[in-house]
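Worksheet: one structure, shown below.
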């Protein structure tokens, strides 16, 4: 069974077991048509039946079978979401220069040329002027302009993204 990474679980939402999740735009239709998804737990692909999903690719509130409270949802926070290849349509053509393709970078470890490891890309905020990557950094979150000219190297094999960030950006 071939699993395709389509997004990432975010934080729990409310007390009823809802999770906020982020699905890469090219996979959104397949996700919304699916009856279940997979999450890897202890190295094993575990299926979860989808009871409901509301929202768009920038923040879906997801309800899954047997996830009924905040504690159960917390166990899945930050996990990568997969679908089976056989349950999907044609593979999307995704390139870094596509305006909406930025969600393919969810979960990538962001590194700066000068500072080294910054943290994982948790989500994206789309503003009229630019796209901002929300990155976990030193126990908090920072927003980093996600612009092609700042990206120096993309390594899909180990899911890292090397950027040359403007000096002082992380201190704002």
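The values are calculated or read from the model by the stated rules, or taken from the named source; none is laboratory data. Computed from a prediction, not measured in an experiment: that's the story for all the values here. Every residue, glycine as well, gets a Cβ built from its backbone with ideal geometry; the counts of neighbours run over all protein chains shown.
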- Item | Residues that are at pLDDT below 90 and within 18 Å of the chain's Cα centre (by Cα), drawn from the range 46-62 | 53, 54, 55, 56, 57, 58, 59, 60, 61, 62
- Item | Qualifying residue in the range 66-74 (condition: under 19 Å from residue 8 (Cβ atoms), modelled with pLDDT of 85 or more, outside the structural domain of residue 27 (by TED's automatic domain parsing) and in contact with a helix residue (DSSP H, G or I) (Cβ under 9 Å, 6 or more places away or on another chain)) | no
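Here's the yes/no breakdown for (1) closer than 27 Å to residue 126 by Cβ; (2) outside any strand (DSSP E or B):
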residue: 12; (1), (2): yes, no
residue: 20; (1), (2): yes, no
residue: 32; (1), (2): yes, yes
residue: 45; (1), (2): no, no
residue: 49; (1), (2): no, no
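Just checking, which of 81, 118, 144, 151 is at pLDDT 80 or above and under 24 Å from residue 39 (Cα atoms)? Step through it out loud before you land on a result.
Values: 118 fails: under 24 Å from residue 39 (Cα atoms); 144 fails: under 24 Å from residue 39 (Cα atoms); 151 fails: under 24 Å from residue 39 (Cα atoms).
Sole residue among the options that is at pLDDT 80 or above and under 24 Å from residue 39 (Cα atoms): 81.
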